[in-house]
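**Q** Dropping the structure in here first, questions after.
The values are calculated or read from the model by the stated rules, or taken from the named source; none is laboratory data. All values reported here derive from a predicted model rather than from experimental measurement. Using ideal geometry, Cβ is built from the backbone for each residue, glycine included, and neighbour counts are taken over all protein chains shown. Note: areas computed on protein heavy atoms with side chains; ligands, DNA, RNA excluded. Shrake-Rupley method; radii C 1.70, N 1.55, O 1.52, S 1.80 Å.
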Amino acid sequence: MKAVIQCGGMGMRLRPFTSVLPKPLMPIGARPVLELLLKWLRRNGIENVYVTTGYLGHLIRSVCGDGSQWNLKIRYTQEMEPLGTIGPLSLIRDELDEPFLVLNGDVLTDLSLSRFVAAHRAHKDLVTIATAARVTKMDFGVIDEVNNTVQVFREKPALTHLVSMGIYCMDPAVLRFIPSGIPFGFDDLMLQMLQDGQIVHVYKHDGLWLDIGRVEDFQKAQAISWEEQSSSIEVAAAAA
């Protein structure tokens, strides 16, 4: 199976560090997050990877090369203008001729790709989103009202939401929804598909997931010993 890693973003949430390094090269311990992500893909049986680049893409190419040091085959695309979170797939649409994975270049997880892909193949629809539960602590008193009268008042509640992990399994037919040459986000893709009556599935993951673009998650990642074997990552996840 082919995997596409999206690495074209400017990493605004991690400024000023991403002024000199693209977000996928931010260090987790002694290694860039992209290296950890590539090794995780290889442990899960992935051999062919496309890395979509834009901002400071030459640095990513310099660090990762052709992928042979990890027994991977890496090919690159370069965005002349930002194409959004899913638009870069239009640059390689002819290469994506079988079900494929799409991942943000700033995620770390112990998700089992074999189970994720099996769940996607089982329903035969175009897209499956890997999801996790995230708790958001509100800084305000939240009011539920009807006709301008308070029905429920909750002081700074913690709200749990099912959120996208930035990891997707897709069938090639999804590419017909993605235009060429213009910015196009995953939110745009969802809108187009739902308006077209397409069914989009989720796969719920209850293990480790960190979004390195968030300062809090970036700091959490520094406390984990990212060993080569996935079992050690699972132990770290259980302790988190």
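**Q** Testing Thr52 on (1) among the hydroxyl-bearing types (Ser, Thr, Tyr); (2) in contact (Cβ under 8 Å) with a residue 60 or more places away in the chain; (3) closer than 21 Å to Gly213 by Cα, one condition comes back false. Which one is that?
**A** Going through (1) among the hydroxyl-bearing types (Ser, Thr, Tyr); (2) in contact (Cβ under 8 Å) with a residue 60 or more places away in the chain; (3) closer than 21 Å to Gly213 by Cα one by one, Thr52 breaks only (2).
**Q** Next question. Determine which member of the set Thr85, Thr128 is closer than 23 Å to Leu191 by Cα, open to solvent by 70 Å² or more (accessible area, probe 1.4 Å), among the hydroxyl-bearing types (Ser, Thr, Tyr) and touching a residue at least 24 places away in the same chain (Cβ under 8 Å).
**A** Thr85
**Q** Listed residues Ala118, Ala122, Ala30; which is farther than 21 Å from Ile212 by Cα and open to solvent by 70 Å² or more (accessible area, probe 1.4 Å)?
**A** Ala122
**Q** I've got another one for you. Among the residues of the range 70-79, are any in contact with a Cys (Cβ under 7 Å, 6 or more places away or on another chain), modelled with pLDDT under 95 and either closer than 19 Å to Val107 by Cα or surrounded by 19 or more Cβ atoms within 10 Å (Cβ to Cβ) (or both)?
**A** No, the range 70-79 has no match at all.
**Q** Another question about this same structure. As an exercise: evaluate Ala173 against (1) within 14 Å of the chain's Cα centre (by Cα); (2) farther than 21 Å from Ala132 by Cα; (3) of a type in the set (Gly, Ala, Ser) and give the number of the one condition it does not meet.
**A** Ala173 satisfies all of (1) within 14 Å of the chain's Cα centre (by Cα); (2) farther than 21 Å from Ala132 by Cα; (3) of a type in the set (Gly, Ala, Ser) except (1).
**Q** Six or more apart or on different chains, Cβ under 8 Å: which pairs go from a residue in the range 194-218 that's small (Gly, Ala, Ser) to one that's in a helix (DSSP H, G or I)? Could you list them?
**A** These pairs meet every condition: Gly207/Glu234; Gly207/Ala237; Gly213/Arg13; Gly213/Leu14; Gly213/Lys23.
**Q** Since Arg176 meets every condition but one in (1) more than 29 Å from Met26 (Cα to Cα); (2) in a loop (DSSP other than H, G, I, E, B); (3) open to solvent by 70 Å² or more (accessible area, probe 1.4 Å), which condition does it not meet?
**A** Of (1) more than 29 Å from Met26 (Cα to Cα); (2) in a loop (DSSP other than H, G, I, E, B); (3) open to solvent by 70 Å² or more (accessible area, probe 1.4 Å), only one is false for Arg176: (2).
**Q** Further question on the same structure: Restricting attention to the range 33-46, which residues are open to solvent by 30 Å² or more (accessible area, probe 1.4 Å) and not in a helix (DSSP H, G or I)?
**A** Asn44, Gly45
**Q** Let me ask something else. Exactly one of these conditions fails for Gly181: (1) at positive phi; (2) in a strand (DSSP E or B); (3) not charged (D, E, K, R). Give me its number.
**A** For Gly181, the failing item is (2).
**Q** Related question: Being in a loop (DSSP other than H, G, I, E, B), open to solvent by 10 Å² or more (accessible area, probe 1.4 Å) and at pLDDT 70 or above: is that true of Leu21 here?
**A** yes
**Q** Taking the range 47-58 as the search range and keeping residues that are surrounded by fewer than 19 Cβ atoms within 10 Å (Cβ to Cβ) and modelled with pLDDT of 90 or more, which one is nearest to Leu91 (Cα to Cα)?
**A** Asn48
**Q** Quick check on the range 186-193. Is at least one of its residues open to solvent by less than 60 Å² (accessible area, probe 1.4 Å), touching a residue at least 24 places away in the same chain (Cβ under 8 Å) and part of a strand (DSSP E or B)?
**A** no
**Q** For the range 131-162, what are the residues that are open to solvent by less than 40 Å² (accessible area, probe 1.4 Å) and part of a strand (DSSP E or B)?
**A** Result: Thr131, Ala132, Gly141, Val142.
**Q** Being under 14 Å from Pro82 (Cβ atoms) and acidic (Asp, Glu) is the filter here, so list the residues in the range 178-197 that pass it.
**A** Within the range 178-197, just Asp188 meets the criteria.
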